[in-house]
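Contents: one structure, followed by commentary.
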Amino acid sequence: MKDQMTPMERATALAKGLPVDRLQCNPNVANGVARIYGCKILELSQSAKTLAQAQVAAYRKFGYDSIRIFTDLFPWAEAMGAKVKYPEDETADLAEPAITDVSQIDSLQPADPYKDGRLPLQLDAMKYLVDEVKGEIGCSCGIVGAFTNAFFLMGVNKTLSMIYKNPEAVHRLCRVSLETVKAYAAAAIDIGITPAISEPMSSCTVVSPKAFREFSLPYLKELVDFIKSRGKGVVVHICGQTNKIWEDVADLGIAGLSIDNVASLADCKHVVGDKVKILGNVDPGVTMFSGTPEEVRQSTLQCILDTYDSPKGYMVMSGCSLPVDTPQENIQAMMDTVRDVGYPVCPDRVRELLQACEKGKK
């Protein structure tokens with residue numbers, strides 16, 4: 001099946017309440033773009049042009065609704081002194097935090113996105129991306145929130161401990177992190193790119209809602225307000241279980257809330273669907289990576305049935321970034337299912353399609 005609209009046309013029409021061909025859909029292919037483009041994952045961190053071209057190649061193949069410059073969670077901490085390890089064909093990971101002791105916090109300096117680490121390369125990739133697809137699809141860049149970046153500056157275990165033993169130090173880490181991510185966001189916006197925030201360490205699976213509200217939320221609000229002041233809407237993704245902080249995040253006035261597959265789309269709709277667009281949440285591991293196309297179709301249909309009528313809108317999405325070697329036929333199955341359902345969504349038809357999936361299993 002072929003789309004009748006470009007992603008930009010679809011987004012614009014939805015915003016105006018005009019007819020569209022289907023729901024928006026973003027499988028969140030992430031570094032799997034390297035498999036589609038035919039390069040090693042390491043090359044995405046070495047060449048701005050390769051990073052952009054790989055993203056474009058994946059978008060052209062599947063026709064999804066969001067395209068993003070993002071490789072891993074660590075470029076901002078790396079630009080501030082952390083060490084990152086780069087396997088040839090796996091996603092980069094943190095090797096060493098920037099500092100090891102509280103006494104070193106004041107030595108940290110905000111990163112310059114035009115000079116430090118991989119940040120200039122990613123900005124260059126954004127320029128290539130805009131040149132290639134401007135006017136066709138909205139372009140974004142991933143950026144971590146200040147709280148998450150703080151963990152990579154000091155180390156996860158030490159930062160978790162400091163939440164209880166030295167809260168003032170955590171705030172200092174968050175403040176210098178915020179200056180880094182704000183500068184990067186500003187540089188991206190100047191190129192025409194919309195920042196999208198990932199805050200995995202804010203998950204209720206990692207810290208309590210109380211800790212989130214004390215240490216993450218103030219800096220998340222400042223970052224969101226800064227991006228909005230520059231004329232851009234903001235999508236926020238927090239991994240893991242987030243039901244106890246949905247209202248806190250939605251009240252920031254964000255454009256979209258992306259939730260992990262361990263959370264409930266139906267519950268999220270009932271709690272904050274009248275405040276924010278919801279994105280999610282087909283299981284990226286069990287379903288998208290390990291499942292069959294038929295299982296992807298069934299899960300996608302269930303997500304649509306649960307959330308299609310959310311008052312502020314809904315985008316079909318995986319619960320988090322897809323594993324690198326997710327079968328391409330499963331990515332295609334998600335897109336084909338959304339196209340098959342069409343728009344406006346008829347719930348009775350979706351139920352019929354779900355029943356057909358169940359019969360196919362027997």
Q: Taking the Cα centre of the range 204-312 as origin, sum charge times position over the Cβ atoms of Lys and Arg (+1) and Asp and Glu (-1), and report the length of that vector in debye to the nearest 20.
A: 400 debye
Q.
Return the equivalent ellipsoid semi-axes of the chain as a descending list in whole Å, where each equals the square root of 5 times an eigenvalue of the C-alpha gyration tensor.
A. 33, 23, 19
Q. Given a 1.4 Å probe and every protein chain left where it sits, what share in percent of the accessible area of the range 28-135 is carbon and sulfur?
A. 43 percent
Q.
Test of understanding: what is the full-extension gain from residue 18 to residue 100, defined as 0.36 nm times their sequence separation minus their Cα-Cα distance?
A. 24.1 nm
Q.
For the pair residue 171/residue 89, report the inter-label distance in nm, with labels modelled 7 Å from Cα in the Cβ direction.
A. 4.9 nm
(Q) With the cut-off at 1.5 for a/c, could you classify the range 269-362 from its C-alpha gyration tensor as rounded, prolate or oblate? (A) oblate
Q. Suppose every K and R has +1 on its Cβ and every D and E has -1 on its Cβ; what is the size of the dipole of the chain about the Cα centre, in Debye to the nearest 20?
A. 440 debye
**Q.** Pairwise label distance in nanometres, residue 4 with residue 115, each label 7 Å out on the Cα-Cβ vector
**A.** 5.4 nm
Q: Using the Cα centre as the reference, give the magnitude of the dipole from point charges on the C-beta atoms of the range 268-362 (Lys, Arg: +1; Asp, Glu: -1; all else neutral), rounded to the nearest 20 debye.
A: 260 debye
Q | Per residue value of the accessible surface for the chain (all protein chains in place, 1.4 Å probe), Å² | A | 41 Å²
Q: First check a/c for the range 309-362, with a ≥ b ≥ c the square roots of the eigenvalues of its C-alpha gyration tensor; if it is under 1.5, answer rounded, and if not, answer prolate when a/b is larger than b/c or oblate otherwise.
A: oblate
Q.
Could you identify which residue out of 283, 89, 190 has the top mean-square fluctuation in a GNM of the chain using Cα springs shorter than 10 Å?
A. 190
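The values are calculated or read from the model by the stated rules, or taken from the named source; none is laboratory data. Keep in mind the model is a prediction, meaning the values are calculated, not measured. We place every Cβ from the backbone using ideal geometry, glycine too, and count neighbours over all the protein chains shown. Please note that ligands, DNA and RNA were not included when accessible areas were found on the heavy atoms of the full protein model with its side chains. Shrake-Rupley method; radii C 1.70, N 1.55, O 1.52, S 1.80 Å.
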